[in-house]
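Only one structure is covered here, and it is reproduced in the block below.
The values are calculated or read from the model by the stated rules, or taken from the named source; none is laboratory data. Being a predicted model, the structure only gives us computed values, none of them experimental. Here the Cβ positions follow ideal geometry from the backbone for every residue, glycine too, while neighbour counts run over all protein chains shown. SASA here: full protein model, heavy atoms, side chains in, ligands and nucleic acids out. Shrake-Rupley method; radii C 1.70, N 1.55, O 1.52, S 1.80 Å.
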Amino acid sequence: MALLEVKDLQVRVEDREILHGLSLTVNPGEVHAIMGPNGSGKSTLSHVIAGKPGYEVTGGQILFRGEDLLEMEPDERAAKGVFLAFQYPVEIPGVATMNFLRTALNAQRKARGESEYSTPDFLKKVREVSKSLNIPQDMLKRGVNVGFSGGEKKRNEILQMALFEPSLCILDEMDSGLDIDALRIAADGVNALRSLERAMVVITHYQRLLNYIVPDYVHVMAKGSVVKTGGKELALQLEESGYAQFEDA
Amino acid sequence: MNVVLAKTDTGRAVSTSFAFARERLPGSGKVAEQRRQAFEAFERAGLPHRRIEDWKYTDLRALMREVLPLAASPDTTALSRAEAALKLHAIEGTRRLVLVDGVFAPKLSDLGKGEKGFSVRTLREVLETGDGALQGELLASDNSDPMIALNTAMATDGVVIEIANGTVLEQPLHVVHVASVGTPAAMFTRSLFRLGRDASATLVESFVAAEGTEAYQAYDSLIVSVGDNARLDHLRLVEDGLDAFNIASAAVTLGAHAQLNTFGMVSGASVSRYQPTIVFAGEGARVDTNGVNLIKGRQHADTTMFMDHAVPHCASREVFRAVIDDRAHSVFQGRIVVRPDAQKTDAKMMTRALLLSDEAEADNKPELEIFADDVTCGHGATTGALDESLLFYLRARGLPEREAQALLIQAFVGEAIESIANDSLREHVIAAAQRWLEARA
């Protein structure tokens, strides 16, 4: 069974239709890149999958392992294994990162009927993952993302991805605001999480990220739907030809 | 001791109870005369109402209607219920002084040998046998405020704590007001806390109710003086029963280079009003004050603070936060006066209200009266709901709605709680806030 099936999805924000009949199927183990110009609806797609309020689905459906995702609350989706790495992770002053990580992880486990992590097991796990992502321990004591650099914020997203072990990771413009070194660390973190069970949807404006996270499929989005699908070579073609050909269509 | 209040007119109803209570009120001669004058002042004014500017958001005439008769001295049943309540509200490592229904309870208090330079007496003791000057000071409060006047007239008991010059009191003092009445009644307490020069101490005040306590009214008034170079850490926790009234005031005087760090949290009482007046009497003093209201249902919590910068080179910081759910109503009135001589005053005030429901209400009234020309003064206010983008982030990480809200509320009040220096006191307050959040979930 497909992990994620987006079928003929139509989405409005206020009076404007952003997605007009978008379809996408993602199987376990696959890495899909979604590319497209600004305003093509890439981020809207990621938000609707994660359950962000403010979007009205006027048609179509989203199935996650055959279940209707649109019927679920955002936290239920997370517990089922949907993870959105935010383009702009928010800062939450007063909530220590460590406390947040533990609360979130245990909330997900509780929702799945699993036992909560013991403190030593949790700490061990956080330490391992944060070390591999080059995240210093004192960062985890600070408020969530408070005073973090752009790169640190993105690494914090990947840290969560590694901890929560989702089956679908949606990376929304992970490369925005990152320099080459920060990008490499983040991409290495993501690549380490690739597995046969886990699928990824990598949303990006630029081909550059795909040099580091090599996709199985590349979809081009324009004006609210997928206009072209191909292999990883499609990204390179786009780099040369640009998006204009799709926008004019 | 069941006074039947046949008359609805507030003044006269109280008058009956004052007459009845007089024999139970400690002090005679000059003390009795001060009480009589205070009571007359109260009778003339009656309960304050919304047409009196200071009380416009807290109309006691409408909210309270009448002053209940004086509570009976606690009997053994009341005391044992109070003892049970103390188990929940005790703070490890503190010296506990307990007032039950407005009467000092020696058996529930820790009167063991104190540190050198520390003395505690009851108000009753001081008014009956103490020296005249101290008696005068205890009852010298401003009769122009009817509720303080009423407290002066009716104060039954309280604690008089004196800390000698240079004494560093390691063990925090915890004054616990427990209501344990079996019939609706009022309790009136007045306490004094005098911290000598170069001394330091931590004072915690809790207002709590024993289980099964009837509706009651707690009236308290605290007089504090902080000597030159002294430091007082003060915590005030209102966890009264949800049918209760808590009407309180504090009059604080700070010596030169004194430091006051004060934190207050209101999560209990149906209607509460706290009216602290802080007077800078010596140069170079500093006050940091943090307040938190955690209220829901139809609770009404009012803090009306007066910061009197009477001398130069003093600093004050007021940060007041309110978390308001359901139809609750939070009031903060902050008045800062900078007198003509008080140059180089640095006074800032900030209020932040978090509204958890469409019917929640927050009223903020800053009043700055600045008569000096070389000062830094400012105030600000924010009011709003929980940030949707933060809520979504937390929910996208698996936190159910209520838990996500709870985490953000915790963060909001946590910043204030962080100002509490003592670890076990901070933990105690965190646990109290947690109880409120859990009751909400």
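Quick one: which of B:Ala186, B:Ala218, B:Ala251 is surrounded by fewer than 24 Cβ atoms within 10 Å (Cβ to Cβ) and either at pLDDT 95 or above or not in a strand (DSSP E or B) (or both)?
Testing whether each residue is surrounded by fewer than 24 Cβ atoms within 10 Å (Cβ to Cβ) and either at pLDDT 95 or above or not in a strand (DSSP E or B) (or both) leaves just B:Ala251.
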Residues being in a strand (DSSP E or B), more than 21 Å from B:Asp142 (Cβ to Cβ) and small (Gly, Ala, Ser) - total across region B:265-294: 1
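Is there a residue being within 19 Å of A:Val31 (Cα to Cα), among the aliphatic types (A, V, I, L, M) and modelled with pLDDT under 95 anywhere in region A:132-149? Quick ask: steps written out before the conclusion?
Going through region A:132-149, the residues within 19 Å of A:Val31 (Cα to Cα) turn out to be none.
For region A:132-149, residues within 19 Å of A:Val31 (Cα to Cα), among the aliphatic types (A, V, I, L, M) and modelled with pLDDT under 95: absent.
Assess whether A:Val6 counts as being touching a helix residue (DSSP H, G or I) at 6+ places or on another chain (Cβ under 8 Å) and surrounded by fewer than 17 Cβ atoms within 10 Å (Cβ to Cβ). Give the derivation first.
Numbers: touching a helix residue (DSSP H, G or I) at 6+ places or on another chain (Cβ under 8 Å): yes; surrounded by fewer than 17 Cβ atoms within 10 Å (Cβ to Cβ): no.
The answer is no for A:Val6.
The rows are residues; the columns are (1) within 22 Å of B:Phe207 (Cβ to Cβ); (2) in contact with an Asp or Glu (Cβ under 7 Å, 6 or more places away or on another chain); (3) among the small types (Gly, Ala, Ser).
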residue: B:Ala105; (1), (2), (3): yes, no, yes
residue: B:Arg124; (1), (2), (3): yes, yes, no
residue: B:Leu138; (1), (2), (3): yes, no, no
residue: B:Leu150; (1), (2), (3): yes, no, no
Conditions (1) more than 14 Å from chain B (Cβ to nearest Cβ); (2) surrounded by fewer than 15 Cβ atoms within 10 Å (Cβ to Cβ); number of the one not met by A:Leu140: (2)
Candidates B:Asp243, B:Asp220, B:Asp233, B:Asp228 - the one that is in contact (Cβ under 8 Å) with a residue 60 or more places away in the chain and under 30 Å from B:Asn143 (Cβ atoms): B:Asp220
Any hit, region A:105-112, residues being crowded, with 18+ Cβ neighbours inside 10 Å, in contact with a Gly (Cβ under 6 Å, 6 or more places away or on another chain) and assigned to a helix (DSSP H, G or I): yes
Sole exception among (1) open to solvent by 10 Å² or more (accessible area, probe 1.4 Å); (2) in contact with a Ser or Thr (Cβ under 9 Å, 6 or more places away or on another chain); (3) at pLDDT 95 or above for A:Gly66, by number: (2)
Neighbours by Cβ (under 7 Å, 6+ apart or cross-chain): first from region B:77-103, modelled with pLDDT of 95 or more; second open to solvent by less than 10 Å² (accessible area, probe 1.4 Å) and aromatic (Phe, Trp, Tyr): B:Gly102/B:Phe188
Selection count, region B:309-322, where residues are part of a strand (DSSP E or B) and surrounded by 22 or more Cβ atoms within 10 Å (Cβ to Cβ): 6
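Taking only region A:65-86 into account, find how many residues are in a strand (DSSP E or B) and either within 14 Å of chain B (Cβ to nearest Cβ) or of a type in the set (Lys, Arg) (or both). First the steps, then the outcome.
At the first step, the residues of region A:65-86 found to be in a strand (DSSP E or B) are A:67-68, A:82-85.
Cutting the leftovers down to either within 14 Å of chain B (Cβ to nearest Cβ) or of a type in the set (Lys, Arg) (or both) gives us A:82-85.
The qualifying residues number 4.
Listed here are the residues, each with its yes/no results for (1) polar (S, T, N, Q); (2) in contact with a Lys or Arg (Cβ under 8 Å, 6 or more places away or on another chain).
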{"position": "B:His174", "(1), (2)": "no, yes"}
{"position": "B:Thr189", "(1), (2)": "yes, no"}
{"position": "B:Val208", "(1), (2)": "no, no"}
{"position": "B:Ile223", "(1), (2)": "no, yes"}
{"position": "B:Val226", "(1), (2)": "no, no"}
{"position": "B:Leu237", "(1), (2)": "no, no"}
{"position": "B:Ile247", "(1), (2)": "no, yes"}
{"position": "B:Thr253", "(1), (2)": "yes, no"}
{"position": "B:Gln275", "(1), (2)": "yes, no"}
Enumeration of residues in region A:94-120 that are in contact with a Phe, Trp or Tyr (Cβ under 9 Å, 6 or more places away or on another chain), facing another protein chain (nearest Cβ under 9 Å) and within 20 Å of B:Glu418 (Cβ to Cβ): A:Gly94
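Take the residues of region B:139-166 that are part of a helix (DSSP H, G or I) and touching a strand residue (DSSP E or B) at 6+ places or on another chain (Cβ under 6 Å): which is nearest to B:Val14 (Cα to Cα)?
Quick first cut of region B:139-166, residues part of a helix (DSSP H, G or I) only: B:139, B:146-154.
Going one step further and asking which of them are touching a strand residue (DSSP E or B) at 6+ places or on another chain (Cβ under 6 Å), we end up with B:147-148, B:151, B:154.
Numbers: B:Met147: 12, B:Ile148: 15, B:Asn151: 12, B:Met154: 10 Å.
Residue satisfying both the conditions and the ranking: B:Met154.
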Failed criterion for B:Thr253 (all others in (1) assigned by TED's automatic domain parsing to the domain that holds B:Leu138; (2) under 24 Å from B:Asp363 (Cβ atoms); (3) of a type in the set (S, T, N, Q) hold): (2)
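Given the options A:Ala199, A:Ala182, name the one that is away from every other protein chain (no Cβ under 14 Å), over 25 Å from B:Arg395 (Cα atoms) and not polar (S, T, N, Q). It would help to see each step written out before you state the result.
Working: A:Ala199 fails: over 25 Å from B:Arg395 (Cα atoms).
Selected residue: A:Ala182, the only one of A:Ala199, A:Ala182 that is away from every other protein chain (no Cβ under 14 Å), over 25 Å from B:Arg395 (Cα atoms) and not polar (S, T, N, Q).
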Condition check for A:Gly39: assigned to a loop (DSSP other than H, G, I, E, B), of a type outside the set (D, E, K, R) and open to solvent by 60 Å² or more (accessible area, probe 1.4 Å): yes
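Look through A:Ala85, A:Ala78, A:Ala33 and report the one residue that is in contact (Cβ under 8 Å) with a residue 12 or more places away in the chain and touching a Cys at 6+ places or on another chain (Cβ under 9 Å). Talk me through it step by step, then tell me what you get.
Details: A:Ala78 fails: touching a Cys at 6+ places or on another chain (Cβ under 9 Å); A:Ala33 fails: touching a Cys at 6+ places or on another chain (Cβ under 9 Å).
Answer to the check: A:Ala85.
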